[in-house]
Amino acid sequence: MNKLQELHPNCLSEVSDENGPLIWLLVIPTTSEIMNSFLSHQISEKQLLENTPSGVPYNALYLCSVTTLPEASGRGSTFELCMQTIDEIIKTHPLEFLFVWPFTKAGEALANKIANASGLKLLLK
């Protein structure tokens, strides 16, 4: 958690209502060099986080995890949270790439929608 906060305060985000969290989002801003090492299976997710230095410009964003409870699904809130997070990070970092390791067709579709809306080049693991 501390490492994520060092990278950017928006690495962890959520949408909640009076009953608690409905959507959780984890992103990791990093460099394209570290991104490429991850995409080429040279490093793990854990190493991606560990190897990302603090206080440097990041041009790649790893959409690591998005969890949406069924009662929040289908409203566009997950997409909105992702876009708000990217908008905040892009204020201080020259993002060019969005990369994901999708486990579902819905996850891949969300990544495509985010990439199209943000103008970031999408890369899949």
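Summary table
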read-out: Enumeration of residues in the range 110-125 that are at pLDDT 95 or above and loosely packed, with under 14 Cβ neighbours inside 10 Å; value: Asn116, Ala117, Gly119, Lys121, Leu124
read-out: Matching residues in the range 42-68 - criterion: being hydrophobic (A, V, I, L, M, F, W, C) and either more than 26 Å from Leu22 (Cα to Cα) or touching a Pro at 6+ places or on another chain (Cβ under 8 Å) (or both); value: Ile43, Leu48, Val56, Ala60, Leu61
read-out: Sole exception among (1) touching a helix residue (DSSP H, G or I) at 6+ places or on another chain (Cβ under 9 Å); (2) part of a loop (DSSP other than H, G, I, E, B); (3) not basic (Lys, Arg) for Ile86, by number; value: (2)
read-out: Output for the range 89-125, where each listed residue is assigned to a helix (DSSP H, G or I) and polar (S, T, N, Q); value: Asn112, Asn116, Ser118
read-out: Residue tally, condition under 20 Å from Leu98 (Cα atoms) and touching a strand residue (DSSP E or B) at 6+ places or on another chain (Cβ under 7 Å), over the range 5-25; value: 9
read-out: Test: residue in the range 93-105 that is polar (S, T, N, Q) and at pLDDT 95 or above; value: no
read-out: First in the range 99-125 and farther than 14 Å from Thr78 by Cβ, second anywhere and of a type in the set (Ser, Thr, Tyr) and at pLDDT 95 or above, Cβ under 8 Å, 6 or more apart; value: Phe99/Tyr62
read-out: Hits in the range 14-50 - residues which are at pLDDT below 95, within 18 Å of Ser65 (Cβ to Cβ) and of a type in the set (S, T, N, Q); value: Ser16
read-out: Criterion: hydroxyl-bearing (Ser, Thr, Tyr), in contact (Cβ under 8 Å) with a residue 40 or more places away in the chain and surrounded by 19 or more Cβ atoms within 10 Å (Cβ to Cβ) - qualifying residue of Thr30, Thr67, Thr92, Thr52; value: Thr52
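The values are calculated or read from the model by the stated rules, or taken from the named source; none is laboratory data. Treat the numbers as computed from the prediction; the structure is a model and nothing was measured. We place every Cβ from the backbone using ideal geometry, glycine too, and count neighbours over all the protein chains shown.
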